[in-house]
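Only one structure is covered here, and it is reproduced in the block below.
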Amino acid sequence: MLLSVVIPAYNSSEYIYECLNSIFSQIVNEVEVILVNDGSTDSTVDIIQKEFEIYIKNNRLKIFHQENSGPGSARNRGLKECKGKYITFLDSDDVIL
């Protein structure tokens, strides 16, 4: 794996589709997305599982769950799960242009 993208997400249902779509519509190979659900109580996880199921099945999108601990804790959890040679971070309301 060349690149790992770590995204902490907390109640991001309004933004998460656009964020993930901006990644998967542009980057095709050797990229894994590590999304850490930081205790969301909205439909964030449902949206991800429904709209990005194919990326979950082929292990390009991995979702990890934790109790709400803040974005720093979620980023650290994501770092522990990365397999990429390079690592970058996005927030759940960011898009890659």
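The values are calculated or read from the model by the stated rules, or taken from the named source; none is laboratory data. It should be emphasised that the depicted structure is a prediction, and the values quoted were computed from it without experimental measurement. All Cβ positions, glycine included, derive from the backbone under ideal geometry; neighbour counts span all protein chains shown. All accessible areas refer to the heavy atoms of the entire protein, side chains included, with ligands and DNA or RNA removed. Shrake-Rupley method; radii C 1.70, N 1.55, O 1.52, S 1.80 Å.
Here's the list of aspartates and glutamates a cross-link from residue 85 could span, going by alpha-carbon distance under 20 Å and ignoring same-chain residues fewer than 8 apart: 30, 32. Dividing the mean sequence gap of close Cα pairs (under 8 Å, 6+ apart) by how many residues the chain holds gives a relative contact order of 48 percent. Ranked by solvent-accessible area (1.4 Å probe, protein heavy atoms only, all chains present), the residues 54, 87 order from largest to smallest as 54, 87. Among 78, 8, 19, which residue has its Cα positioned farthest towards the positive end of the charge dipole of the chain, with +1 placed on the Cβ of Lys and Arg, -1 on the Cβ of Asp and Glu, and the dipole taken about the Cα centre? Working it through, the farthest residue towards the positive pole turns out to be 78.
Near residue 13: Cβ cut-off under 10 Å, other residues only, Lys/Arg at +1 and Asp/Glu at -1. The net charge is -3.
Packing-based ranking of 29-36, 63-70 yields 29-36, 63-70, ordered from highest to lowest mean Cβ neighbour count within 10 Å.
Each Lys and Arg adds +1 at its Cβ and each Asp and Glu adds -1 at its Cβ; summed about the Cα centre, the chain shows a dipole of about 540 debye.
Solvent-accessible area assigned to carbon and sulfur over the chain amounts to 48 percent, based on a 1.4 Å probe.
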